[in-house]
1. Of the residues in the stretch 46-74, how many are open to solvent by 50 Å² or more (accessible area, probe 1.4 Å) and of a type in the set (S, T, N, Q)?
2. If you check LEU6, LEU10, which single one turns out to be at pLDDT 85 or above and surrounded by 13 or more Cβ atoms within 10 Å (Cβ to Cβ)?
3. Those residues that are open to solvent by less than 50 Å² (accessible area, probe 1.4 Å) and over 16 Å from LYS208 (Cβ atoms), I need them from the stretch 163-185; list them, please.
4. Go through the stretch 16-29 and give me each residue that's open to solvent by 90 Å² or more (accessible area, probe 1.4 Å) and modelled with pLDDT under 80.
5. Mind checking whether some residue in the stretch 180-199 is modelled with pLDDT of 90 or more, over 18 Å from ALA140 (Cβ atoms) and among the aromatic types (Phe, Trp, Tyr)?
6. How do the pairs read when you match residues in the stretch 158-176 that are touching a residue at least 12 places away in the same chain (Cβ under 8 Å) with residues anywhere that are open to solvent by 90 Å² or more (accessible area, probe 1.4 Å) and charged (D, E, K, R), using Cβ under 6 Å and keeping only pairs 6 or more apart or on different chains?
Amino acid sequence: MSSTQLADLLGKEKSYVNREIKKMMQQKIDDAKITSSKDSRGYVTDYHLPELESKMFVAKKDISYLEKITRFWIERGKLAQLSNFNDPIACLNDPATLRSLLLTNTEKVLSLEETVQAQAPKVAALDRIATADGSMNITAAAKHLQVRPKDLFRWLSENKWIYRRNGNKSYLAYQNRIQQGVLEHKITTYINGDGAEQIHEQARVTPKGLTKLAEVFARRQQYI
């Protein structure tokens, strides 16, 4: 850690920090671990302290900054570890780094297994929906998706799943959605009050379509 970084940490002038480090070096018998950088005239511009010496310096001046300097060395250790990852030979030759890599990988594997286990019921449920027989009207689909029917109708219309002909209250499915297997048409006939036969067309959501919509609305819910 340089005296410049120490000065920033303590909120002191670097000249003050350099003087105090020089005093500390004079008081210590073994000061070989503290190195310095000099300018072209030979004047010291920065002292460089190992972790222990930097913590000793801070503890003597203001112990409240000990936590900050500890964090500095923790982050520095992380960066050094990342730089070693780019050198496979260095990783294999360094037991500490190799152990850290193995532990990190193990943690990731365990986390992934937990995620898979947590998602398994949802995946199974979607699989059951996708392979189920029959279709349902859009209102019933909204109930299964736990969304308001008007929100589902609006989404289907905006995303070119369904449309209305002029003068027709019923929604129809776009042909490409029928070909994709996410929607189908149901045509029923009935007798109106005048005794005339009427034809009613209705766009219905297939199990495959319900699965797709469940995925879409699940993603939307994450950002609400």
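The values are calculated or read from the model by the stated rules, or taken from the named source; none is laboratory data. All values reported here derive from a predicted model rather than from experimental measurement. Backbone-built Cβ (ideal geometry, glycine too); neighbour counts: all protein chains shown. Ligands, DNA and RNA are stripped out before the accessible areas are found, and what is left, the full protein with its side chains, is counted by its heavy atoms. Shrake-Rupley method; radii C 1.70, N 1.55, O 1.52, S 1.80 Å.
1. Of the residues in the stretch 46-74, 1 are open to solvent by 50 Å² or more (accessible area, probe 1.4 Å) and of a type in the set (S, T, N, Q).
2. Every option except LEU6 fails the conditions.
3. SER170, LEU172
4. GLN26, GLN27, ILE29
5. Among the residues of the stretch 180-199, not one is modelled with pLDDT of 90 or more, over 18 Å from ALA140 (Cβ atoms) and among the aromatic types (Phe, Trp, Tyr), which makes the answer no.
6. Partner pairs satisfying both residue conditions: TYR171/ARG164; TYR174/LYS160.
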